[in-house]
Ligand SMILES: [Mg+2]
């Protein structure tokens, strides 16, 4: 079973998305800020992170940078505000595999997740 870590300061989004992904067979966990991501990854196997860019304490860019600096290789899909193309470009430069606009369409999200998880590293 593939495991997905959701990182978003919107608790409601985390809860709903976590349940939706669990229903289609993913093991899910969520964090509501970037500060605990590195610690979590050190003790858990994660196949994919769904990462919000805008979070109050440690944002998505900080998390991406931290993962690069820590040489942690994990696939990441960034969650961006609708039509925020520049954020998507910036996060791709920091190693994100793909991005999803919020509010997300679950079917589209699932297609993107499957594409990214199956992609060879
Ligand atoms: Mg946010």
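Bear in mind these aren't lab numbers, they're just calculated from the coordinates by the rules spelled out. Note that the structure is predicted; figures quoted are calculated from it, not measured. All Cβ positions, glycine included, derive from the backbone under ideal geometry; neighbour counts span all protein chains shown.
Structure above, values below:
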| quantity | calculated |
| --- | --- |
| Label-to-label distance, nm, for residues given as residue 39 and residue 102 (7 Å Cα→Cβ offset) | 2.2 |
| Ascending count of other beta-carbon atoms within 10 Å, so fewest first, for 101, 70, 43 | 43, 70, 101 |
| Average silhouette area of the range 52-121, convex hull of alpha-carbon atoms, in square nanometres | 4.8 |
| Reduced Cα scattering model of the range 3-116, Debye log10 I(q)/I(0), q = 0.12, 0.23 Å⁻¹ | -0.35, -1.51 |
| FRET efficiency for residue 81 and residue 1, using Cβ-Cβ distance with R0 set to 30 Å, rounded to 0.05 | 0.45 |
